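Just below is one structure, and these are the notes that go with it.
Here, each number is a calculation from the coordinates, and none is a lab measurement. Please read these numbers as outputs of a predicted model, since none were measured by experiment. Cβ placement follows ideal geometry from the backbone for every residue including glycine, while neighbour counts extend to all protein chains displayed.
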Amino acid sequence: MKLWGGRFTKPTSQLMDEYTASIQFDQKLAKYDIQGSLAHVEMLAKCGIIAESDATTIAKGLEAVAEKIETGEAELTEDNEDIHMNVEKLLIDEVGPVGGKLHTGRSRNDQVALDMRLYLREALVMLSQLVVDVQNALYNQAKNNLDTVLPGYTHLQRAQPVLFAHHMMAYVFMFQRDVERLVDSFKRVNKSPLGAGALAGTSFPIDRQYVADKLNFDGITENSLDSVSDRDFVVEFLSNASLISTHLSRLCEELVQWSSAEFNFIELDDEFCTGSSMMPQKKNPDVAELVRGKTGRVYGHLMGMLTTLKGLPLAYNKDMQEDKEGMFDTVETLKGALALFAPMIESMHVNKETMYQAVAKDYSNATDLADYLVGKDLPFREAHAVVGQVVLYCIQHNKYLLDLEFEEFQQFSESIDRDIYDVLAPEAVVNARDVAGGTAKQRVKEQFETADQLLQQSSNWIHEHEKKLNVN
Ligand code: ARG
């Protein structure tokens with residue numbers, strides 16, 4: 001008989017059991033379910049709702065069940081639908097009918113919301129650390145490439161030279177926003193919904209705050225209906241995860257391009273590439289491609305969750321059981337990607353010379369010739385037109401700006417002096433961008449200082465919460 005079988009006159013359909021069960025995937029929550037139950041039963045005794053001795057028996061029983069689930073000794077069945085009822089059933093098998101007192105003043109509706117939050121808050125700390133690891137790898141590449149110049153692109157056309165360090169730091173700050181979003185979302189996850197009951201609260205004189213404190217929550221949720229029907233924290237996580245995936249995917253695309261023979265700007269370490277079963281010469285950037293590819297499933301989970309919630313009346317509806325697989329899969333997908341990314345970036349070889357040659361053989365210093373003329377009091381728009389003519393001349397004569405003889409420059413403008421050769425050199429062009437946030441070496445060094453502070457802040461938060469939640 002089912003734990004809830006009292007009002008039923010015949011057994012349920014086996015097809016229905018299989019279809020409605022969630023144990024296949026929510027067994028991932030076993031550890032958190034038992035954590036929550038231990039806090040709940042301790043509170044029940046403290047509030048005089050059940051006897052101290054019963055609570056002790058139940059707590060011991062729960063520990064035994066945890067152990068048996070962990071070792072695989074316990075059988076988790078679809079007959080018992082989900083992790084909550086499986087644990088309760090195993091508990092009753094373990095300690096007898098007294099185990100049935102555990103569910104006093106509680107519903108699976110507040111229980112599952114609690115488990116989800118317990119699971120996710122740990123995942124947020126773990127993922128934050130993994131993003132910080134990627135940031136550090138990018139930052140190290142930046143520090144090693146403070147003199148490496150490469151073409152910066154717009155429309156994937158060479159635009160203006162930048163330092164490779166500057167390019168790496170762009171991603172460091174991008175991922176910084178991701179960490180900040182994860183950290184900010186944590187405070188909305190870290191509230192205890194337990195005590196909301198099925199939807200309206202409970203008639204037992206429970207102490208919600210006590211349970212929240214036991215479980216290291218920062219507080220309790222404010223409204224019982226909202227507590228059991230809220231999955232905003234899942235949506236928020238999936239949304240933040242989607243942005244992280246976007247950022248990873250953009251970087252992946254650059255790595256794929258840069259490692260092609262056409263660019264040859266970087267070489268990814270052998271450890272993170274694969275070969276071809278047919279073409280012996282191949283070395284493929286599979287990791288970067290697969291991380292880019294998996295972005296699709298993360299976006300998919302976000303859309304799926306939003307759609308599931310759309311139109312659900314208050315309070316709990318079975319639809320909400322669909323909140324789990326997407327969340328778990330997103331955590332695992334991101335974890336896998338980030339864990340590979342840090343060492344892949346760290347070990348990436350940068351072809352400084354190829355990058356420099358690419359800058360030397362293009363027109364990405366054209367803006368600087370225009371700016372130079374502006375310095376000689378030509379309105380920018382006119383300077384732009386003059387330099388357009390110079391570039392056209394160069395293209396027609398198969399030359400770059402620095403190949404022009406001084407006399408050739410003079411044909412276009414008498415304001416051009418011999419110092420133009422220094423002005424148009426790649427390093428000079430980079431260092432001319434001496435504005436806050438610009439690519440001049442000095443300005444990139446300023447970014448290092450900011451990054452040092454931000455990375456330290458993130459690390460402090462992570463360590464504090466690893467300790468608080470007992471994770472590492
Ligand atoms: N397995 C359910 C879920 O994940 C637990 C809550 C079920 N509550 C209920 N009244 N059917 O959503």
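Given contacts defined as C-alpha pairs under 8 Å and at least six residues apart, what's the relative contact order of the chain, whole-number percent? Before the final figure, lay out the partial values.
On the way: 626 pairs, mean separation 76.8, N = 472.
It comes to 16 percent, rounded to a whole number.
Over the stretch 1-72, what is the mean sequence separation of C-alpha contacts under 8 Å (at least six apart), divided by residue count, expressed as relative contact order in percent? Write down the numbers at each step before the final one.
On the way: 21 pairs, mean separation 19.2, N = 72.
That works out to 27 percent.
Which values, in whole Å and largest first, are the semi-axes of the equivalent ellipsoid of the stretch 180-335 obtained as the square root of 5 times each eigenvalue of the Cα gyration tensor?
Output for the stretch 180-335: semi-axes of 44, 16, 12 Å.
Per residue of the chain, what 222 nm ellipticity follows from adding -39500 (n - 2.57) for every DSSP H run with n ≥ 4, rounded to the nearest 500?
Rounded to the nearest 500, it is -20500 deg cm²/dmol.
Using Stokes-Einstein with the Kirkwood hydrodynamic radius over Cα pairs, what translational diffusion coefficient do you get for the stretch 334-443 at 10 °C and a viscosity of 1.306 mPa s, in µm²/s rounded to a whole number?
Values: Rh = 16.1 Å.
Result for D is 98 µm²/s.
Over 25 Å between C-alpha atoms is what I'm after, so list which of K46/K318; K143/K352; K445/K467; K361/K445 land there. Intermediate results must be reported in sequence, preceding the final value.
Numbers: K46/K318 32 Å; K143/K352 14 Å; K445/K467 33 Å; K361/K445 27 Å.
Exceeds cut-off: K46/K318; K445/K467; K361/K445.
Summarise the long-distance tail of P(r) for the stretch 127-179 by giving the % of C-alpha pairs beyond 13 Å.
In whole percent, the long-distance tail amounts to 59.
Sorted by packing (mean other beta-carbon atoms within 10 Å per residue), highest first, where do 412-418, 184-190, 121-127 land? Numbers along the way, then the final one.
Details: 412-418: 14.6, 184-190: 17.1, 121-127: 22.3.
Result, highest mean first: 121-127, 184-190, 412-418.
Over the stretch 333-388, what number does the Rg to Rh ratio reach, with both radii from the alpha-carbon atoms and Rh per Kirkwood?
Values: Rg = 20.4 Å, Rh = 14.8 Å.
Using only Cα positions, Rg/Rh for the stretch 333-388 is 1.38.
Could you give the C-alpha radius of gyration of the stretch 395-465 expressed as a fraction of 2.2 N^0.38 Å, taking N as the number of residues it contains?
1.89
Translational diffusion coefficient of the stretch 279-405 at 20 °C, 1.002 mPa s, Stokes-Einstein with Kirkwood Rh over Cα pairs, in µm²/s as a whole number.
104
Enter the per residue convex hull volume of the stretch 280-319, computed from alpha-carbon coordinates, in Å³ rounded to the nearest integer.
Numbers: hull volume 2.8 nm³, N = 40.
Dividing the Cα hull volume of the stretch 280-319 by its residues yields 71 Å³.
Can you give the three extents of the C-alpha atoms in the stretch 1-130 along their principal axes, from longest to shortest, in whole Å?
So the extents along the principal axes, rounded to whole Å, are 51, 37, 27.
When you count, for each residue, the other Cβ atoms within 10 Å and take the mean per peptide, how do 429-437, 330-338, 11-19, 62-70 rank with the highest first?
Working: 429-437: 16.3, 330-338: 19.7, 11-19: 10.7, 62-70: 18.0.
The peptides rank, most packed first, as 330-338, 62-70, 429-437, 11-19.
For the stretch 356-472, calculate the relative contact order in percent as a whole number, restricting contacts to Cα pairs under 8 Å that are 6 or more residues apart. Display every interim value, and only then the final one.
Working: 80 pairs, mean separation 23.2, N = 117.
Averaging sequence separation for qualifying contacts and normalising by length gives 20 percent for the stretch 356-472.
Work out the length of the dipole vector of the chain about its Cα centre, built from +1 on the beta-carbon of each Lys and Arg and -1 on the beta-carbon of each Asp and Glu, and round it to the nearest 20 debye. It would help to have the intermediate numbers written out before the result.
Numbers: 46 positive and 72 negative charges, 224 e Å.
About 1080 debye.
In 20 Å bins starting at zero, report the fraction of Cα pairs in the chain per bin as a rounded %.
Here the calculated profile for the chain is 20, 39, 25, 12, 3, 0.
Report, in debye and to the nearest 20, how large the dipole of the stretch 205-356 comes out about its Cα centre when Lys and Arg carry +1 and Asp and Glu carry -1 on their Cβ.
On the way: 14 positive and 25 negative charges, 62 e Å.
For this selection, approximately 300 debye.
Students often check this: by mean Cβ neighbours within 10 Å, which of 52-59, 136-143, 455-462 ranks highest, and how do the rest follow? Working shown, then result.
Details: 52-59: 17.8, 136-143: 20.6, 455-462: 15.8.
Averaged packing, sorted descending, gives the order 136-143, 52-59, 455-462.
For the chain, what is the percent of antiparallel DSSP beta bridges, rounded to the nearest 5? Could the numbers behind the result be given before it?
On the way: 9 of 11 bridges.
Here the share of antiparallel DSSP bridges comes out near 80 percent.
What Kirkwood Rh does the stretch 246-292 have if only Cα atoms enter the pairwise 1/r average? Answer in Å.
About 11.0 Å, per the Kirkwood formula over Cα pairs.
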